[in-house]
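Participant: One structure coming up, written as structure tokens, with questions to follow.
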Amino acid sequence: MLTDKDTYKDIGARKQLVAALKEKGIADQRVLDAVMKVPRHLFIHKDFRFHAYQDKAFPIGEGQTISQPYTVAYQTQLLHIEPNDHVLEIGTGSGYQAAILIEMGADLTSIERQEKLYLKTKKLLTRLNYKGNFILGDGSNGYLPNAPYDKIIVTAGAPKVPESLLNQLKTGGILIIPVGDNAVQTMHTLIKKTDGSIEDIAMNQFRFVPLIGNQAW
Ligand code: SAM
């Protein structure tokens, strides 16, 4: 039976995952510590339990996926999370990325557009005692009631950077977003400077499910 209790196998598998992420270049110890803490096997269908700590994406229903741990760690590392940072995540999905951010001390608002996923994931995160603001809606508009944010992370592929996300970022804030076409996206780090200008740094390439909405596909 699947319970919330970790088995020795889960803990051992997580240690191996952390070692694999280090090997692939994830150097921020706080990100690695969060990966070591979050029970990824509870965020995916029980049929995949014994594969949960492989560095792979898995289907989570509604045509969506839980991102590969490397992708989660890569995006999280770029965010430079500080305790109590006010963070917006777009694309709650399985809730795994949300749990990592909350473990790192983020004050998180996470938004998901698929109602079934939203309801299921909100229930899971609450059961696991991960506290945040979980919202149903189109995150391509950001989420104005809790703005402005220190950090914004988009976990679906966008055709362009939505203007609303830049508007909802604090001065000095960081937005991490994959931008591209349906086949491949480039990860971008956007930093809002004190003079209001935006520094845009293009990073590695990834493949995400599409960001669908008003300021998206
Ligand atoms: N962070 C997720 C995780 O840890 O499992 C990744 C989930 S998946 C790669 C991307 C998610 O973005 C999907 O659940 C999808 O429904 C959601 N999504 C796509 N467009 C969206 C939008 N405009 N607003 C909110 N969520 C969106």
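Participant: With +1 assigned to the C-beta of every Lys and Arg and -1 to the C-beta of every Asp and Glu, and no other charges, what is the dipole magnitude of region 1-53 about the Cα centre in debye, to the nearest 20?
Facilitator: Values: 11 positive and 7 negative charges, 10 e Å.
It comes to approximately 40 debye.
Participant: When N counts the residues of region 8-206, how does its alpha-carbon radius of gyration compare numerically with 2.2 N^0.38 Å, as a ratio?
Facilitator: Values: Rg = 15.9 Å, N = 199, 2.2 N^0.38 = 16.4 Å.
For region 8-206, the normalised Cα radius of gyration comes out at 0.96.
Participant: At 7 Å along the Cα-to-beta-carbon direction for both residue 51 and residue 144, put a label point, then send me their distance in nm to one decimal.
Facilitator: Between residue 51 and residue 144, the simple spin-label model gives 4.3 nm.
Participant: Under a 5 Å amide H to amide H cut-off, with H placed in plane at 1.01 Å, what residues pair with residue 153 once short-range neighbours are removed?
Facilitator: HN-HN under 5 Å from residue 153: 88, 89, 90, 176.
Participant: So for region 64-158, averaging the separation of alpha carbon pairs under 8 Å that are six or more residues apart and normalising by length, what relative contact order in percent results?
Facilitator: Result for region 64-158 is 35 percent.
Participant: Report the local net charge at residue 55: Lys and Arg +1, Asp and Glu -1, summed over other residues whose C-beta lies under 11 Å from its C-beta.
Facilitator: Working: positive: 24, 40, 56; negative: 23.
Charge balance near residue 55 sits at +2.
Participant: If you don't mind, there's one more thing I want to ask. With the contact rule set at Cα under 8 Å and sequence spacing of 6 or more, what percent relative contact order holds for the chain? Present the calculation step by step, with values, prior to reporting the outcome.
Facilitator: Numbers: 434 pairs, mean separation 32.2, N = 217.
Answer for the chain is 15 percent.
Participant: Near residue 105, within a Cβ-to-Cβ distance under 10 Å, what is the net charge of the other residues, with Lys and Arg +1 and Asp and Glu -1?
Facilitator: Numbers: positive: 30; negative: 82, 85, 103, 107.
My count for the surroundings of residue 105 gives -3.
Participant: If you don't mind, another one. By average Cβ neighbour count within 10 Å, what is the ranking of 202-211, 169-178 from highest down?
Facilitator: Details: 202-211: 16.0, 169-178: 19.9.
Most protected by this proxy first, the peptides run 169-178, 202-211.
Participant: A further question on this structure: Distance cut-off 26 Å, Cα to Cα: go down the list 24/151; 37/160; 5/123; 120/160 and report the pairs above it.
Facilitator: Numbers: 24/151 24 Å; 37/160 34 Å; 5/123 17 Å; 120/160 29 Å.
From 24/151; 37/160; 5/123; 120/160, over 26 Å: 37/160; 120/160.
Participant: Which value in nm describes the separation of the simple spin-label points at residue 167 and residue 16, placed 7 Å from the Cα toward the beta carbon?
Facilitator: 4.9 nm
Participant: Can you figure out the FRET efficiency of residue 33 with residue 116, using R₀ = 30 Å and their beta-carbon distance, to the nearest 0.05? Could you put the intermediate results ahead of the total?
Facilitator: Working: r = 32 Å, r/R0 = 1.06.
That pair, residue 33 with residue 116, gives E of 0.40.
Participant: How would 14, 113 line up by accessible area, probe 1.4 Å, largest first? Mind showing how you got there, number by number?
Facilitator: On the way: 14 5, 113 120 Å².
Largest accessible area first, the list is 113, 14.
Participant: Rg/Rh for region 69-138 to two decimals, with Rh computed the Kirkwood way over all alpha-carbon pairs.
Facilitator: Details: Rg = 11.3 Å, Rh = 12.0 Å.
Rg/Rh: 0.94.
Participant: In deg cm²/dmol, rounded to 500, what helix-only [θ] at 222 nm does the chain give when every DSSP H run of at least 4 residues adds -39500 (n - 2.57) and the total is split over its residues? Could the numbers behind the result be given before it?
Facilitator: Values: 6 runs with 62 residues, N = 217.
So the helix-based figure for the chain works out to -8500 deg cm²/dmol.
The values are calculated or read from the model by the stated rules, or taken from the named source; none is laboratory data. It should be emphasised that the depicted structure is a prediction, and the values quoted were computed from it without experimental measurement. With ideal geometry, Cβ positions are generated from the backbone for all residues, glycine too; neighbour counts draw on all protein chains shown. Calculation scope for accessible area: heavy atoms of the full protein, side chains included, ligands and nucleic acids excluded. Shrake-Rupley method; radii C 1.70, N 1.55, O 1.52, S 1.80 Å.
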